[in-house]
Amino acid sequence: MKQYLIDTTLRDGEQAAGVVFSLDEKIKIAQMLEAMGITEAEIGTPAISQQEEKDIKTIIAQGFNFDMLCWSRATVSDIMAAKRTGTKRISISFPVSDIQLAAIGKDYKWVFAQMEIMIGLANNHFDFVGIGAQDASRANPSFLRDYIDMAVSLGVQRVRFADTVGIMNPFSVHEMVASYRNLFPEIDLEFHAHNDLGMATANSLAALQAGCNSIDVTINGLGERAGNAPLEEVAAAAKFSLNQNLGIDLKNITEACQFVEKVSNRKVSQTKPITGELITSHESGIHCRSLLNNPMSYHAFDPSEVGKKSRFVIGKHSGVASVLDTLASMGIHISTEQGKEILPKVKKLAETKKQSVNNDELRELILRL
């Protein structure tokens with residue numbers, strides 16, 4: 001079974017409060033997705049506005065080497081707006097939990113009636129029709145089973161399980177996906193995580209292990225509230241923890257994450273897994289000494305795999321080995337005894353500053369020996 005990622009940075013990512021991408025930025029993001037090997041991307045919701053519809057049409061016209069899909073509500077106007085963009089693929093979202101249905105004054109009968117009308121319409125206009133089960137994580141299991149059963153009978157090619165409010169955990173995700181995988185082996189299953197409880201990446205891996213065909217991701221995990229499953233985390237965790245290659249070239253992922261951070265105006269933590277500025281930085285003398293002997297001693301993966309380098313930070317916790325190595329990288333070579341002499345001064349300066357010692361300060365300390 002082929003398993004792959006569906007990027008939705010241009011749809012659910014931009015849906016994050018206060019985020020707006022220009023057309024040029026959308027095209028740049030799409031180019032980066034293509035370069036890293038994404039095979040499918042959700043590129044927007046045409047019904048948002050005439051400008052959005054026009055932008056999506058322009059993106060499709062670029063002819064990217066991945067499948068491009070539009071998201072739609074279960075309305076005729078949304079579906080026809082998607083049709084006007086020229087896309088050949090659509091995902092139609094239906095609310096399936098009691099709480100979501102009550103919020104719009106609808107019931108199960110309405111869902112089934114709308115499915116018949118909307119899926120029938122979509123089948124006449126698109127080569128690929130998928131449907132989303134919005135808030136599947138809080139849906140009645142019996143109704144969700146009937147929902148998927150009807151989708152299969154109507155010719156739907158893929159069903160998305162959306163953990164819309166990020167309430168699930170890896171155990172419940174695995175149980176749910178495995179159950180429906182066994183019940184419906186004939187249809188592709190997709191999992192859409194949200195990070196409200198900090199488990200989007202773990203839940204996505206659980207869905208993969210339970211037999212889900214595809215996982216929705218966004219660059220940096222950009223998305224509503226706490227965000228979505230981060231593309232960089234899911235791809236890297238699958239590769240380095242599950243030993244599963246999802247076809248993503250991670251070499252330029254840091255560059256893509258930095259670009260999306262900039263154009264979304266959403267600051268990413270310096271310790272963000274996979275791409276954070278400080279995740280390959282080391283200060284502890286014990287760690288640095290081991291890293292000099294074996295670069296993998298304190299790394300889960302080779303930093304170069306994600307376009308980064310390991311580096312030493314000189315500060316309160318440093319040892320002689322890291323000080324000597326840092327000085328050598330600056331073209332300054334001193335003896336071990338001199339290193340032992342300068343180390344207390346390095347620690348004292350770091351304690352006084354309450355931060356690391358930079359190269360200029362380290363050079364100044366050497367001159368005072």
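The values are calculated or read from the model by the stated rules, or taken from the named source; none is laboratory data. Keep in mind that what you see is a predicted model, and the values were worked out from it rather than measured. When we count neighbours, we look across all protein chains shown, and the Cβ atoms used for this are built from the backbone with ideal geometry, even at glycine.
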Within the stretch 175-206, of all residues that are of a type in the set (S, T, N, Q) and part of a helix (DSSP H, G or I), the one nearest to ARG145 (Cα to Cα) is SER179
So is ILE29 in a helix (DSSP H, G or I), hydrophobic (A, V, I, L, M, F, W, C), farther than 27 Å from ALA210 by Cβ and in contact with a Pro (Cβ under 8 Å, 6 or more places away or on another chain) or not?
-> no
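Among the listed residues ASP98, ASP78, ASP7, identify the single one that is within 25 Å of the chain's Cα centre (by Cα) and of a type in the set (D, E, K, R).
Numbers: ASP98 fails: within 25 Å of the chain's Cα centre (by Cα); ASP78 fails: within 25 Å of the chain's Cα centre (by Cα).
The unique qualifying residue is ASP7.
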Within the stretch 80-111, tally of residues that are in a helix (DSSP H, G or I), touching a His at 6+ places or on another chain (Cβ under 9 Å) and crowded, with 22+ Cβ neighbours inside 10 Å = 1
Pull up the stretch 207-221, narrow it to residues that are over 14 Å from the mean Cα position of the chain (by Cα) and outside any helix (DSSP H, G or I), then point me to the one that is farthest from GLY37 (Cα to Cα).
-> ALA210
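Would you confirm, using the coordinates I've provided, whether ASN123 is assigned to a helix (DSSP H, G or I) and at pLDDT 95 or above?
Numbers: assigned to a helix (DSSP H, G or I): yes; at pLDDT 95 or above: yes.
Taking the combined requirement at face value, the residue satisfies it.
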Hey, ILE332 under 26 Å from LYS348 (Cβ atoms), surrounded by 19 or more Cβ atoms within 10 Å (Cβ to Cβ), in contact with a helix residue (DSSP H, G or I) (Cβ under 7 Å, 6 or more places away or on another chain) and modelled with pLDDT of 90 or more or not = no
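Can you report the number of residues in the stretch 141-172 which are β-branched (Val, Ile, Thr), assigned to a helix (DSSP H, G or I) and touching a strand residue (DSSP E or B) at 6+ places or on another chain (Cβ under 7 Å)? Explain how you work it out, then say what you get.
Within the stretch 141-172, the first condition is being β-branched (Val, Ile, Thr), and the residues that meet it are 148, 152, 156, 159, 164-165, 167.
Among the residues that remain, those that are also assigned to a helix (DSSP H, G or I) are: 148, 152.
Filter once more, keeping what is touching a strand residue (DSSP E or B) at 6+ places or on another chain (Cβ under 7 Å): 148.
Residues meeting the conditions: 1.
Can you tell which of LYS267, LYS251, LYS262 is part of a helix (DSSP H, G or I), without any contact (Cβ under 8 Å) to a residue 12 or more places away in the chain and either over 21 Å from ARG138 (Cα atoms) or aromatic (Phe, Trp, Tyr) (or both)? Let's see the steps before the verdict.
Details: LYS267 fails: part of a helix (DSSP H, G or I); LYS251 fails: without any contact (Cβ under 8 Å) to a residue 12 or more places away in the chain.
Matching residue, one of LYS267, LYS251, LYS262: LYS262.
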If LEU278 satisfies every condition in (1) under 12 Å from the mean Cα position of the chain (by Cα); (2) surrounded by fewer than 16 Cβ atoms within 10 Å (Cβ to Cβ) but one, which is the exception?
-> (1)
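Looking at the stretch 18-34, can you tell me whether even one residue there is closer than 19 Å to ASP249 by Cβ and among the hydroxyl-bearing types (Ser, Thr, Tyr)?
To start, the set of residues in the stretch 18-34 that are closer than 19 Å to ASP249 by Cβ comprises 28-34.
This time we only want the ones that are among the hydroxyl-bearing types (Ser, Thr, Tyr), so: none.
No.
When residues of the stretch 348-360 are filtered for being over 37 Å from the mean Cα position of the chain (by Cα) and either among the aromatic types (Phe, Trp, Tyr) or surrounded by fewer than 19 Cβ atoms within 10 Å (Cβ to Cβ) (or both), how many remain?
Quick first cut of the stretch 348-360, residues over 37 Å from the mean Cα position of the chain (by Cα) only: 348-349, 351-352, 360.
Narrowing the set further to residues that are either among the aromatic types (Phe, Trp, Tyr) or surrounded by fewer than 19 Cβ atoms within 10 Å (Cβ to Cβ) (or both) leaves 348, 351-352, 360.
Of the residues in the stretch 348-360, 4 are over 37 Å from the mean Cα position of the chain (by Cα) and either among the aromatic types (Phe, Trp, Tyr) or surrounded by fewer than 19 Cβ atoms within 10 Å (Cβ to Cβ) (or both).
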Under 6 Å by Cβ, and 6 or more places apart or on different chains, what pairs join a residue from the stretch 164-190 that is within 18 Å of ALA226 (Cβ to Cβ) and modelled with pLDDT of 95 or more with one that is polar (S, T, N, Q) and not in a helix (DSSP H, G or I)?
-> THR164/GLN134; GLY166/ASN195
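Of all residues in the stretch 46-79 being assigned to a loop (DSSP other than H, G, I, E, B) and small (Gly, Ala, Ser), which is surrounded by the fewest Cβ atoms within 10 Å (Cβ to Cβ)?
The first filter runs over the stretch 46-79 and keeps only residues assigned to a loop (DSSP other than H, G, I, E, B), leaving 49, 62-66, 74-75.
From the residues that got through so far, the ones that are small (Gly, Ala, Ser) too are 49, 63, 74.
On the way: SER49: 11, GLY63: 7, ALA74: 23.
Per the criteria, the residue is GLY63.
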Would you tally the residues in the stretch 251-260 being surrounded by fewer than 23 Cβ atoms within 10 Å (Cβ to Cβ) and within 13 Å of GLU233 (Cα to Cα)?
-> 1
